[in-house]
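A short write-up of the structure that comes next.
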Amino acid sequence: MKNNLPDLMLSPLAGYTDAGFRKLAKMYGCGITVTEMVSAKALLYKNPNTKVLLFNDESGFKAAQLFGSEASVFAEVVKFDCLAPFDAIDINMGCPQRKIISNGEGCALMEDLSRAAKIIRSVKNNTDKLVSVKFRKGYINKNSAAEFAKMCADNGADYITVHGRTSSQQFSGKADYAAIASAVKAVNIPVFANGDVIDRNSYLKIKDETGCFGVAVGRGAIGKPYIFCELLNKDYNFDILEAVKLHINTLLKIYADHIVANDIKKHIVNYVKGMRNNKELINFIMQKKDTLSILNELKNFLNKKSNTSQDI
Ligand SMILES: Cc1cc2nc3c(=O)[nH]c(=O)nc-3n(C[C@H](O)[C@H](O)[C@H](O)COP(=O)(O)O)c2cc1C
């Protein structure tokens with residue numbers, strides 16, 4: 001914790017880290033949550049699908065992540081009421097998807113320092129919230145992490161998150177912790193190191209090798225919102241059924257039942273990964289269109305499982 005900034009973050013994962021999942025992560029020791037990436041332009045045009053991504057139902061420090069390429073758009077939207085509940089605005093300068101890059105958004109901004117700087121300043125000048133930037137080791141195959149980190153700090157970023165892969169790597173290969181360490185050395189603001197943290201050992205390794213202030217965990221949290229307790233060496237109790245219920249009830253505050261039913265399936269698949277006879281459950285829930293039948297089937301599956309283990 002530095003100036004009330006927690007040091008453990010759930011990295012944004014579009015399609016996974018919705019309001020329900022973020023709430024679970026917070027219950028298990030995560031300090032900072034970040035919304036899935038939200039288009040600043042879509043927000044400006046009041047797209048209702050976009051606004052719903054900013055719904056939150058959790059306590060503690062939370063950031064809203066925006067992506068875009070026009071400083072003037074950022075300057076407008078950061079004043080919107082829908083961002084009022086957030087403690088920080090996180091600017092996405094790391095997304096490697098072609099449709100994002102081709103619009104000059106996401107990681108493309110790592111190649112356009114003056115535009116990136118203008119965006120950061122426009123956010124900083126129009127909000128009292130903390131401003132952060134999430135970026136990568138570099139664009140295509142470059143390593144410009146240190147230079148980019150410095151640019152962020154010089155233009156008002158309060159903290160940054162560095163994913164140690166280039167945009168060409170997307171999510172493959174290993175994260176380069178030396179590149180993250182170079183960013184840490186280049187600035188005096190808190191740096192969150194990101195890439196390949198899946199357990200306590202990898203958590204200690206990224207901290208040790210980068211000298212970072214904090215750590216951001218992405219895919220390691222999928223199916224494991226309790227990973228933060230593991231990283232902190234804290235005891236915990238994780239009940240799949242209770243977690244799924246809480247997740248569903250959170251999402252039902254904003255979405256219709258059939259949408260929540262569809263969304264929760266991937267989380268259940270991840271929770272029961274590696275469990276015996278999970279295929280039958282997965283096949284069943286994939287056909288279901290309502291949350292009640294999904295919950296009932298999950299309950300039966302887990303009951304059978306606990307009876308079987310008692311028999312042994
Ligand atoms: C399915 C998926 C969705 C992602 N969505 C976002 C996003 O919306 N915004 C963002 O900044 N990064 C996004 N990322 C990148 C992650 O936040 C993180 O930087 C990356 O996965 C590396 O961390 P990890 O090795 O801990 O997973 C996404 C990654 C994945 C796999």
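The values are calculated or read from the model by the stated rules, or taken from the named source; none is laboratory data. Note that this is a predicted model, so its numbers are computed, not measured. Every residue, glycine as well, gets a Cβ built from its backbone with ideal geometry; the counts of neighbours run over all protein chains shown.
From the list LEU251, LEU232, LEU241, which residue is in contact (Cβ under 8 Å) with a residue 24 or more places away in the chain, touching a Lys or Arg at 6+ places or on another chain (Cβ under 7 Å) and not β-branched (Val, Ile, Thr)? Please lay out each step first, then the result.
Values: LEU251 fails: touching a Lys or Arg at 6+ places or on another chain (Cβ under 7 Å); LEU232 fails: touching a Lys or Arg at 6+ places or on another chain (Cβ under 7 Å).
Going through LEU251, LEU232, LEU241 in turn, just one is in contact (Cβ under 8 Å) with a residue 24 or more places away in the chain, touching a Lys or Arg at 6+ places or on another chain (Cβ under 7 Å) and not β-branched (Val, Ile, Thr): LEU241.
Return yes or no: is SER172 over 23 Å from THR33 (Cβ atoms) and touching a residue at least 12 places away in the same chain (Cβ under 8 Å)? Give the derivation first.
Details: over 23 Å from THR33 (Cβ atoms): yes; touching a residue at least 12 places away in the same chain (Cβ under 8 Å): no.
It is false that SER172 is over 23 Å from THR33 (Cβ atoms) and touching a residue at least 12 places away in the same chain (Cβ under 8 Å).
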Give the residues of the range 285-296 that are in a helix (DSSP H, G or I) and buried (at least 16 other Cβ atoms within 10 Å of the Cβ), sorted by residue number. ILE285, THR291, ILE294, LEU295
Which numbered condition in (1) surrounded by fewer than 24 Cβ atoms within 10 Å (Cβ to Cβ); (2) closer than 22 Å to CYS107 by Cβ; (3) out of contact with any Phe, Trp or Tyr (no Cβ under 9 Å at 6 or more places or on another chain) is the only one that GLY218 fails? (3)
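Quick check on my filter: what residues within the range 60-109 are among the basic types (Lys, Arg) and out of contact with any strand residue (DSSP E or B) (no Cβ under 7 Å at 6 or more places or on another chain)? Give the derivation first.
Residues of the range 60-109 among the basic types (Lys, Arg): 62, 79, 98-99.
Within the range 60-109, LYS79, ARG98, LYS99 qualify.
Residues in the range 254-263: is at least one over 22 Å from the mean Cα position of the chain (by Cα) and assigned to a helix (DSSP H, G or I)? Lay out the reasoning, then the answer.
Of all residues in the range 254-263, those over 22 Å from the mean Cα position of the chain (by Cα) come to 256-258.
From the residues that got through so far, the ones that are assigned to a helix (DSSP H, G or I) too are 257-258.
Checked the range 254-263: at least one residue is over 22 Å from the mean Cα position of the chain (by Cα) and assigned to a helix (DSSP H, G or I).
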Taking the range 223-232 as the search range and keeping residues that are of a type in the set (A, V, I, L, M) and buried (at least 21 other Cβ atoms within 10 Å of the Cβ), which one is farthest from the ligand (Cβ to nearest atom)? LEU231
Taking the criterion of being in the same structural domain as TYR159 (by TED's automatic domain parsing), without any contact (Cβ under 8 Å) to a residue 24 or more places away in the chain and on the phi > 0 side of the Ramachandran plot, would at least one residue in the range 45-54 satisfy it? yes
Step by step: first the residues of the range 32-49, then only those that are of a type in the set (S, T, N, Q) and modelled with pLDDT under 90, then the one that is farthest from ASP18 (Cα to Cα). Which residue is that? ASN47
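When the range 117-149 is examined, which residues are found to be assigned to a helix (DSSP H, G or I) and surrounded by fewer than 24 Cβ atoms within 10 Å (Cβ to Cβ)?
Quick first cut of the range 117-149, residues assigned to a helix (DSSP H, G or I) only: 117-124, 145-149.
Correct list: ALA117, LYS118, ARG121, SER122, LYS124, ALA146, GLU147.
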Within the range 133-185, the count of residues that are over 26 Å from PHE74 (Cβ atoms) and among the basic types (Lys, Arg) comes to 2
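Here is a check on your reading of the model: is LYS299 of a type in the set (Lys, Arg), out of contact with any Leu (no Cβ under 7 Å at 6 or more places or on another chain) and in a helix (DSSP H, G or I)?
Working: of a type in the set (Lys, Arg): yes; out of contact with any Leu (no Cβ under 7 Å at 6 or more places or on another chain): no; in a helix (DSSP H, G or I): yes.
In short, no.
With respect to SER114, is the statement that it is closer than 20 Å to GLN65 by Cβ and of a type in the set (S, T, N, Q) true? Reasoning before the result, please.
Values: closer than 20 Å to GLN65 by Cβ: no; of a type in the set (S, T, N, Q): yes.
Considered against the rule, which asks whether it is closer than 20 Å to GLN65 by Cβ and of a type in the set (S, T, N, Q), SER114 comes out as no.
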